[in-house]
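No value in this document is a laboratory result; all are computed from the given coordinates. All of these numbers come straight from a predicted model, not from anything done at the bench. All Cβ positions, glycine included, derive from the backbone under ideal geometry; neighbour counts span all protein chains shown.
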Amino acid sequence: MRFYISSVYSELGYFFEIENNITLDVIKNINQMLKDDCNFNLGIDKENYDLGIFIDTKPNLLNVILSKPMISRKYKSVDYKVLIPYEIVVNSDNVNKTFLEFLFTGIQRIFDIYTGHYNSNIIKIKEKIISKWAS
């Protein structure tokens, strides 16, 4: 199983200027967590599907919105769109930190759907990433 993050901004003029290395670091750490637990499975067709997040944003959001899963049996992937509040992030004193807080809220919600036992690991990864990229 592989975890990945992509950005797809559907609203013209609304996007985050977040360094690509930040999301790559999140991906690397989540993949390491999943590699350490070979038993994690999304439970689809008893096969090992990849798990993806598409980051998007909209004006006037107050909280993270998580889409329903988009399942591709052809590509063996389950993807979620995570809508992150635009104004709250870009108007914050620390854009990277606020962005990461919202991103990890979405990540935790997704893993809660499949299993709750990753919460402590995800919190540790979140703290590590925020201390590295948002200080």
| note | The size of the Cβ-based charge dipole (Lys, Arg +1; Asp, Glu -1) of region 4-135 about the Cα centre, to the nearest 20 debye, is 320
| remark: The helix 95-114 Cα axis meets the longest alpha-carbon principal axis of the chain at an angle in degrees, between 0 and 90 and rounded to 10, of 30
| remark: Projected onto the charge dipole of region 83-132 (unit charges on the beta-carbon of Lys, Arg, Asp and Glu, signs +1, +1, -1, -1), the Cα from TYR86, LEU103, THR115 with the largest positive-side position is that of THR115
| task | Grab the Cα-Cα distance for ASP50 and GLU87, subtract it from 0.36 nm times how many residues apart they are, and report the gain in nm with one decimal. | result | 10.2 nm
| 21 Å Cα-Cα threshold exceeded, pairs from LYS35/LYS128; LYS35/LYS68; LYS81/LYS124; LYS68/LYS126; LYS58/LYS97 | LYS35/LYS68; LYS81/LYS124; LYS68/LYS126
| query | In the set [x] 15.8, 51; [y] 13.6, 36; [z] 14.6, 45, which value of Rg and Dmax of the Cα atoms in Å was calculated from the structure you see? | reply | [z]
| task | Straight distance only, please: which aspartates and glutamates reach the Cα of LYS74 with their own Cα at less than 13 Å, same-chain residues fewer than 8 apart left out? | result | ASP45, GLU47, ASP50
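State the extension gain, in nm to one decimal, for the chain segment bounded by VAL95 and MET70, taking 0.36 nm per residue of separation less the distance between their alpha-carbons.
Taking 0.36 nm per residue and subtracting the Cα distance, the gain is 6.1 nm.
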| Value of [θ]222 nm, deg cm²/dmol, for the chain, DSSP H segments ≥ 4, -39500 (n - 2.57) each, nearest 500 | -13500 deg cm²/dmol
| GluC sites (Glu not before Pro) restricted to region 1-80 and DSSP loop, no more than 14 other C-beta within 10 Å | GLU11, GLU17, GLU19
| said: Between helix 119-133 and the chain, what is the angle of the helix's C-alpha long axis to the longest principal axis, kept within 0 to 90° and rounded to the nearest 10? | reply: 40
| task | Could you state the angle between the C-alpha long axis of helix 20-36 and the longest principal axis of the C-alpha atoms of the chain, as a value from 0 to 90 degrees rounded to the nearest 10? | result | 30
| query | Taking only C-alpha pairs under 8 Å that are 6+ residues apart, what is the relative contact order of region 1-134 in percent? | reply | 25
